[in-house]
Every structure is written in structure tokens, then in C-alpha cells.
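Student: Before I ask anything, here is the structure I am working with.
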Amino acid sequence: MDPDRPLVDRTLAGDPHAFAELVERHRDVVFRVAARVVGREAAQDVSQDAFLRAFHRLHRFRGDAPFRSWLLQIAHHAAVDAATRRTPIPVEDPAGERPDPDTRKLPADRLEERERRERLEDKLTHLRPPHRAVLVLRDLEGLSYEEIAVVTETPLGTVKGRLHRARSELIDLLRANTYDWELPAR
């Protein structure tokens, strides 16, 4: 049972507060997906566009997949559309820098980790948007292959192929600077 279905039904029945709750539930993941495709600066606009599109298309939601997957599909399309219109910008976590679980680390170590995350975000921007999207959805957001296929409206085999190519491209980009990543040469 989709936990969002009652809120969808209430929204369709005219309850605007129900859609506000859906936005609240999914705002962060929509923002993260958008940010990793178009960059932090444009992610807020893309997120708002995605929620607006979802609201106006809610009557088309059939419930074949969870609402979250349907919404991320809309967010993905909005982000890819925006990415094709402009060059992506590296992003940070939407909530700012992630808190360090090991507070005993030296400030220099925390700085080095933050710089590595920033360089990784920069490397992600060099991937083609379809590859970047599946990589973000799978490896950063934890969606299953099937969910990614629904979100991106692509066959399961295509999702797996794009993810394989995206990981390979990212590894090649990271190998270009083995000092940062300590990856063995091929």
C-alpha cells in the first residue's frame, strides 16, 4: 500500500493541505535529484516546477507505482529539461554540509573530506545527464533498478546499461586524479 495514496485522494477531492503534506514529505529527495542534475543554484526552481507539474497532473496519477516514483519521474524530466538548457553547477548537500559522524576528526581531516565531496560533485557534472541521473538515483538516493526505470521512463535493461556506463565514466574521471581518490591504475 502506497502511504501517499490517501493524501493523493484527499488532494484530488479538493484538500490543498493534503498536497502541502506531499510536498513536505518529498521536498528533500526532489531537491537532491534536481540539484545533482542541474546544480544547487537551479535546483530550487526545478523542484518547484516539478511540484507544480505534479499538482496539475495529479488527476493522471494511476497508482500503478508509488506516488514517490511518479513524482521523481516528473522531477527527473524537469531537471533534464533544465540541464539541457544550461550547464550544470556542482552542488553541496541541500541541507548544507553533512554533519560529521566522527566529531573526533581533526579539522584538517574534515576539510579534506569536504574538498573531496566537492570534487566528486564536480566530477558528476561531467557525466551526461541521463547517466548522471541514474547514478544519482541508484547510488545516492538508493532507488531500485525498477524504480529508476519508472522514474526515467526507460526499460530496465537501459537503466542497467546507463548505470554501468555512468560508473565507468565516473571511475575514469576519478582516475585522472589518483591523488584524490587513491584508485589503482587499470
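Every number in this text was worked out from the coordinates using simple rules, so none of it is lab data. Owing to the predicted nature of the structure, the values given are computational and were not obtained by experimental measurement. For neighbour counting, all protein chains shown are included, and Cβ atoms are generated from backbone atoms with ideal geometry for every residue, glycine included.
Student: Which length gain, in nm to one decimal place, applies between L174 and Q48 when the Cα-Cα distance is subtracted from 0.36 nm times their residue separation? Don't skip to the answer; put the middle values down first.
Tutor: Details: separation 126, 0.36 × 126 = 45.36 nm, distance 3.26 nm.
The L174-Q48 span can extend by a further 42.1 nm.
Student: Now, a different point. Add +1 for every Lys or Arg and -1 for every Asp or Glu among the other residues with Cβ under 11 Å from the Cβ of E21, and state the total.
Tutor: Details: positive: R10, R25, R27; negative: D4, D15, E24.
Taking every other residue near E21 into account, the sum is 0.
Student: Whole-Hz ³J(HN,Hα) for each residue in region 14-23, computed from phi via Karplus 6.51 cos²θ - 1.76 cosθ + 1.60 with θ = phi - 60°, x for glycine and proline: what do you get?
Tutor: Whole-Hz 3J(HN,Hα) from phi for region 14-23: x, 8, x, 5, 5, 5, 4, 5, 4, 4.
Student: Now for a different question. Counting alpha carbon pairs within less than 8 Å and at least 6 residues apart, what relative contact order, in whole percent, applies to region 28-88?
Tutor: 47 percent
Student: Sorted by packing (mean other beta-carbon atoms within 10 Å per residue), highest first, where do 72-85, 8-21, 28-41 land? Provide the component values of the computation, followed by the final result.
Tutor: Numbers: 72-85: 20.8, 8-21: 13.7, 28-41: 22.9.
Sorting 72-85, 8-21, 28-41 by mean packing, highest first, produces 28-41, 72-85, 8-21.
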